[in-house]
Amino acid sequence: MDKLKKKPQANKSNKNIKRKENINFENLKNDLKKAKEDNLRYLAEIDNLTKRFDKEKEDTFKYAITEFANEIILVADNFTRVIDSISIIKKGSDDSVKSLIEGIDLIFKDFLRTLEKFEIKTIDCLGKKFDPNFHQAVSEEVSNNKEPGEIIKVVQTGYLIKDRLLRPASVVIAKKGEDKKK
């Protein structure tokens, strides 16, 4: 009788072992599936980091002269002031002063060409619609012959370096005059 009792117990333990093996096999399959998903996620993250690093590296080289450009546009501002001051002198000057004025104009044009070689460009805004991405409004003036929001005067020239804003243009924009009916 002991043999009969032992035999079913052996069968039960074999079944338990098979169940445990099935359970372990299922666990292993689930673990493998999870590991594959994690691996794909990590690979995608590494790929994104690589792309971000490459973009940052490209931007670093592309905009490396930004600090220098911020300083050099101050020289352009001074040239503009000198040329504006000279325009008053131009009207009643003699030939010796005219050649000096023309020389300063040529130097300024050459300076602007040099800036453009490094893709530092002025923002053309006079007569255009105000855009807060490129312009900074310093005041508004009543103008009935201009559209509201149109730039009517440039106080300080704005600059772009490649496709990025270096300095916004300081501008005066038009606004409608108030109709006073009584």
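Please label the shape of the range 34-182 as rounded, prolate or oblate, based on the square roots a ≥ b ≥ c of the eigenvalues of the alpha-carbon gyration tensor (a/c under 1.5 means rounded; beyond that, a/b larger than b/c means prolate, else oblate).
Oblate shape, in that a/c is at least 1.5 and b/c is the bigger or equal ratio.
Give me the one-decimal nm value for the distance between modelled label points at Phe53 and Val75, 7 Å along each residue's Cα-to-Cβ direction.
3.7 nm
Taking neighbour counts of Cβ atoms within 10 Å as a proxy for exposure, in what order, fewest first, do Asp110, Asp131, Asp95 appear?
With the sparsest Cβ surroundings first, the list reads Asp95, Asp110, Asp131.
For the residue pair Tyr63 and Ile86, what label-to-label distance in nm results when each label sits 7 Å from Cα along the Cα-to-beta-carbon direction?
That separation, rounded to one decimal, is 3.4 nm.
Nearest-5 percent of antiparallel DSSP beta bridges in the range 59-182?
Roughly 60 percent of the beta bridges in the range 59-182 run antiparallel, per DSSP.
Within 10 Å of each residue's Cβ, count the other Cβ atoms and sort Phe108, Phe118 from fewest upward.
If I rank by nearby Cβ atoms, fewest first, I get Phe118, Phe108.
Bear in mind these aren't lab numbers, they're just calculated from the coordinates by the rules spelled out. Just so you know, these numbers come straight off a predicted model, no measurement behind them. Neighbour counts are summed over all protein chains in view; Cβ atoms, including those assigned to glycine, are modelled from backbone coordinates with ideal geometry.
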